Amino acid sequence: MLSSPALANICYRFLLAQLHMDSLKGQITVGHIELALENLPRGIKGLYNTYDQAMIRIDGQVDGFKTLAKQILVWITHAKRALSTSELQHAIAVQIGKPVLDTKFLPEIEFLGSACAGLVTIDENSDIVRLVHYTTREYFEKRIDTLFPHAHTEITKTCITYLSFDSFKDGFCEQGKDLDNRLKPHVFYEYAAKHWGDHA
C-alpha cells in the first residue's frame, strides 16, 4: 500500500503530465513540439508555470470560450462551497437585471471542463465541478486579486438577480410541496439565498 506522500507525488506527476500534454496540443509542427518538450518546466515552480500557460491558452480562446472559462474559474475559486454542474450552469446563465433564467444561456456540461484548459474537472460521483488539484487552488489563491479583481461583485450581482426572478415574487409557500415545486427548476436558489451576503 502506498503512503500518503507517495500517492500525492504520483498524483502530482500525473497532473503535471496531463497539463503538459494539454500545452502541446497547440503546437503545429514537430519542431515546435520538440522545442516545447525541451522547455517543459519542472517542480512546483514548473507546475505554476504550467498553470500560467493554461491561463494564456484560456486567454487565447475565442471570446465565448474565454468568457465561459473565466466565469467558471471565478465561481470555483470564490464560491463558499462546492457547486454542482447544474448550479454552476445556472449561475453562469444568469443575465444581470433579467427577471427570469433564459435556458438558452445554459452552457453545455462538457464545456464546463473543456473550456478551462485542463484546470477544472467534474467529479463523476458527486457531480461537483472543482479544480483538478490542491496546487491549482494554491496557484489561484496567490493570484486571485490580479486574475479576478471584481469576482465578488459579479457573484453578488448574479445572486441578487437570481433571487429577484419573477418566479419568487409570489411570496412564501404555504406547503412544503409548493416550495419544492418552486425550487426544483431553480437549483441555484439555495446557494444564492445563503451566500449572496458573503460576497457583498
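Where a number appears in this text, it was derived from the coordinates with a stated rule and is not lab data. In this text, all values refer to a predicted model and were calculated from it rather than measured experimentally. Neighbour counts are summed over all protein chains in view; Cβ atoms, including those assigned to glycine, are modelled from backbone coordinates with ideal geometry.
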Checklist entry - Going by how many other beta carbons lie within 10 Å of each one, how would you line up 140, 172, 188, 105, fewest first? => result 172, 105, 140, 188
Item to check | For the stretch 110-149, projected area of the alpha-carbon convex hull averaged over all directions, nm² | outcome: 3.2
Item to check | Over the stretch 62-199, relative contact order from alpha-carbon pairs under 8 Å, at least 6 apart, % | outcome: 29
Checklist entry - Average projected area of the Cα convex hull of the stretch 73-200, in nm²? => result 8.5
Next on the checklist: Straight-line reach only, C-alpha to C-alpha below 16 angstrom: list the lysines that residue 98 could link to, leaving out same-chain residues fewer than 8 apart.
Outcome noted: 157, 169
Checklist entry - Under a plain spin-label model, where a point goes 7 Å from the Cα along Cα-to-Cβ, how far apart in nm are residue 61 and residue 80? => result 2.8
Checklist entry - Among 87, 174, 154, which comes first, second and so on when ranked by fewest other beta-carbon atoms within 10 Å? => result 174, 154, 87
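Given +1 on the Cβ of Lys and Arg, -1 on the Cβ of Asp and Glu, and no further charges, what dipole in debye does the stretch 128-190 carry about its Cα centre, rounded to the nearest 20?
So the magnitude is around 240 debye.
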Item to check | Likely footprinting exposure, 159, 173, fewest C-beta neighbours within 10 Å first | outcome: 173, 159
Item to check | Net lengthening on full extension, residue 122/residue 166 (0.36 nm per residue, minus Cα-Cα) | outcome: 12.7 nm
